[in-house]
1. In degrees from 0 to 90, rounded to the nearest 10, what is the angle of the helix 659-670 Cα long axis to the longest principal axis of the chain?
2. With the cut-off at 15 Å, report for the stretch 295-384 the share of all Cα pairs above it, as a whole percent.
3. Kindly flag which residue pairs out of LYS400/LYS547; LYS367/LYS547; LYS367/LYS500; LYS155/LYS215; LYS467/LYS721; LYS296/LYS776 have an alpha-carbon separation exceeding 31 Å in this structure.
4. Rounded if a/c is under 1.5, else prolate if a/b beats b/c, else oblate: with a ≥ b ≥ c from the C-alpha gyration tensor eigenvalues square-rooted, which is the chain?
5. Listed highest first by mean packing, meaning other Cβ atoms within 10 Å per residue, what order do 37-45, 740-748 come in?
6. Amide H of GLY548: which non-local residues (sequence gap of 5 or more, or other chain) have their own amide H closer than 5 Å, using H built in the peptide plane?
7. Taking every pair of alpha-carbon atoms in the stretch 651-697, give the share separated by more than 13 Å as a whole percent.
8. Of THR407, LEU751, ILE387, which is farthest along the charge dipole of the chain in the positive direction, counting Lys and Arg as +1 and Asp and Glu as -1 at C-beta?
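The values are calculated or read from the model by the stated rules, or taken from the named source; none is laboratory data. No experiment lies behind these values; they were computed from the predicted model shown. Positions of Cβ are generated from backbone atoms using ideal geometry, with glycine treated the same way; all protein chains shown enter the neighbour counts. We work out accessible area using only protein heavy atoms, side chains counted, and drop any ligands, DNA or RNA first. Shrake-Rupley method; radii C 1.70, N 1.55, O 1.52, S 1.80 Å.
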Amino acid sequence: MKTSIKKLRKFFRLEAERDYDNKAVMGGLANILSSWELEAREDELPEQIIQAVISRLRDYHRLSEESREVALKGIWKRVNKESLQDKKRDKVDEVNLPTDKPAPAPQQISEHPAQKKEPSQPKQKKQQVEKTVTPPAEKLDFDTPVNSIKGIGEKKTAALTRMGISSIRDLLYTFPRRHDDYSKLKPIGSLWFGEEVTVIGTIDSVSTRSVRGGKMKLVEAMVSDKSGALRVTWFNQPWLEGQLSRAKHVVLSGEIEQYLGRLTMNNPEWEPLSNEQLHTNRIVPVYPLTKDITQKWLRGVLHDTVQKYGPSIEDPLPDQLRSSISLPVLSTAIQEIHFPDSDQSLQKAKQRLAFDELFLLQMGVLKQKKQWENRPGQVFDSPDVWINSRLEQLPFQLTKAQIKTLTQVREDLCSGHPMNRLLQGDVGSGKTVIAALAALIVVRQGAQAAFMAPTSILAEQHFQSLKKLLGNNPDEIKENEITLLIGSTPEDQKEQIRKKLSQGEIKLVIGTHALLQEPVEFQNLQLAIVDEQHRFGVEQRGTLRQKGNNPHLLVMTATPIPRSLALTTFGDLELSVIDELPPGRLPVETHVLFPREIERAYSLVRRQVDKGNQAFIIYPLVEESEKIDEKAAVEEFSRLQKEIFPSYSLGLLHGQMRPDDKESVMTLFRDKEIQILVSTSVVEVGVDIPGATVMLVEGAHRFGLAQLHQFRGRVGRSDQKSYCILIPGNAEEIENQRLQAMVETNDGFVLAEKDLEIRGPGQFLGTRQSGYTELKLASITDLKLVEQARQHASELFRQDPELSQENHQKLALAVNQFWTLKNSGDIS
Ligand code: ADP
Ligand code: MG
């Protein structure tokens, strides 16, 4: 027979002999609980038995003598039965406690929620508890402010507000950051070095001492249970001494370490042991906290709130949808995420809540898309005859993928609704020409177009190439109808440009953020183009678009958008992909070299330049401090010119140069007057120098994968073989996974997926991500769940786009709630 069961029998017998006077144990029978529970767990008694024993013995002293008899006999019957079922070899002792009377009256039973759902608990208990959770008749208002809860005063309200909690709903949606599973508690005696565990024990002693010559205070406690003792230390938190000595029994979570051959825990998370932890929940929530809010307090508040409001939470998902995803109802999910019955039900609850987030996100995205599609847009025709004659003027033939994309853009422009299209194509795939043609289609009918790029170097380049591409047809657009507007444009010119834009004399303006400024107004803006969209935020695109009346929108990116993001954050845009490079392009050969091998890279540069090609050398600094950066770039440049490449012509480009200096350097480089361009990361995006065949990146480990891929995209833009040499700042970084990924593939899509894995979605989102903070449980990168949510959302949307059906009212409300929480609602 198991020790814990033997002990129970011993104490129960003693009690029976004393006619149930509660004196078999000093201080009352309940006093055996703290040690008995640990033993029972060691013995691996079924959890429901442990809980049953605890809940009965805890209230034993309150019972009359007769009830005590009933209670002990009832419980023993149960222990005995369970032990028999438990097919252990131990033969359970014959019981000499009579078992003919019913189990104890239900009043003594715990009313805590975790127990109510205990599947194997006796019937009458279940009924009893179910009664306590039946929704009250009054209608509960989830918008009730938290300060209406008893015990939440001014100070607590302020603290909760800091955590973003102001209503009951907020409170219910404050999810635990983790759960501690007390059913997996380990006795101290059987801990292993290196384990992550939670233990419960008694504090035997606490002391503080100074170490490192008094520089550091160390609080040390000995914590023990029946099975052994553990030394626990906290560094530099001297105030813990008092708290710990008051606590007596504690829960500790952390990693088991070793010190002088003994097991220890350093800086574990800890809290005083409360009855609730031991007695009500096997799996206990651990919440994020702030000043003035303690774990125990918040847990208590949530416990009460979940109990009161949880059962009344209505499910916004239509029944049919919910059953098709086989996830729990919202009410259960909310209750389970706070106070789960089992790990399994916790996981289910998380899945359900994550699904909700993505689903509501999708509903909003689709709604937005629909709204956009329903607006009127000016019709811009582009007859085949006309477009073909324009294509004939291009210096090259469009690729199939370019033609397909152009067709989609032409269809959008004459659809009568505003275009809302994302054009994605790897670096060098030829997106600019598509944008140029779209602009031409719009301006030839007398309307205006704006083309926004993230850097002035790029805007300048686009200005030059659009002039060239479009300049042959003065009846459609004249040279003086195309203009450049960047931050450094002199104020008097800016004034002129603004005037001409508002009077419609300028048809096509190419520029940077300067285009967004307040005084810039258009007479009739009908097309907004945004290049390298990931460099801009939602607001900026919105601002540009608002300068016209429902203009067509074309955003372009070289960063391939992983599918999960294409469905969520970009889900309101139509997508065109140029998945083909112009003919004759050779894949760029990529190498990672040790810093000491840099001379090899230099000789590659010399060989290529001798052949009439050109090279980029990216200077390692990432514009952290502009002043230092400038100085270092200038020094590096003169060193390279004097010592490494004395007989070549070098140019220098960095962000702090005057704009016309930048411009002339770029022009010289494009015209091959400059053979080697030493530059900071300002050339990262978009720059198009077809003669360049070497991209040498120093300090390459400092750059992100997307950036490195962009750098590499500056070469390989002709039919010449090109090279990308990546040199990390130190030898250890040679194994850097981003650099290795660059060697492994030229495929921007593979790299983007990899980058998503390494860095998360932030880089793809720009400031878009600000709207996505409402995703607490769902990961935007969880493609499976995203696709599921999308599928169900589209389905529902097809049936009832306005969510006007009776059974969709709750959902409509939830969608609104979700979206007003997030942002202004404009996500494109
Ligand atoms: P990105 O998609 O990276 O913006 P660009 O539009 O800058 O690419 O184009 C890259 C280079 O390829 C440019 O020099 C452009 O003139 C050239 N190009 C674009 N389309 C074609 C094509 N179909 N055939 C040959 N060269 C092309
Ligand atoms: Mg480009």
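1. Between helix and principal axis, roughly 70 degrees.
2. On the way: 2794 of 4005 pairs.
Considering the stretch 295-384, 70 percent of its Cα-Cα pairs are separated by more than 15 Å.
3. Values: LYS400/LYS547 34 Å; LYS367/LYS547 23 Å; LYS367/LYS500 37 Å; LYS155/LYS215 35 Å; LYS467/LYS721 29 Å; LYS296/LYS776 22 Å.
Table pairs above 31 Å Cα-Cα are LYS400/LYS547; LYS367/LYS500; LYS155/LYS215.
4. Numbers: a/c = 3.03, a/b = 1.96, b/c = 1.55.
Prolate shape, in that a/c is at least 1.5 and a/b is the bigger ratio.
5. Numbers: 37-45: 19.6, 740-748: 17.1.
Ranked by mean Cβ neighbours within 10 Å, highest first: 37-45, 740-748.
6. Under 5 Å from the amide H of GLY548 lies no amide H from a residue far enough along the sequence or on another chain.
7. Values: 584 of 1081 pairs.
Summing the P(r) tail past 13 Å for the stretch 651-697 gives 54 percent.
8. LEU751
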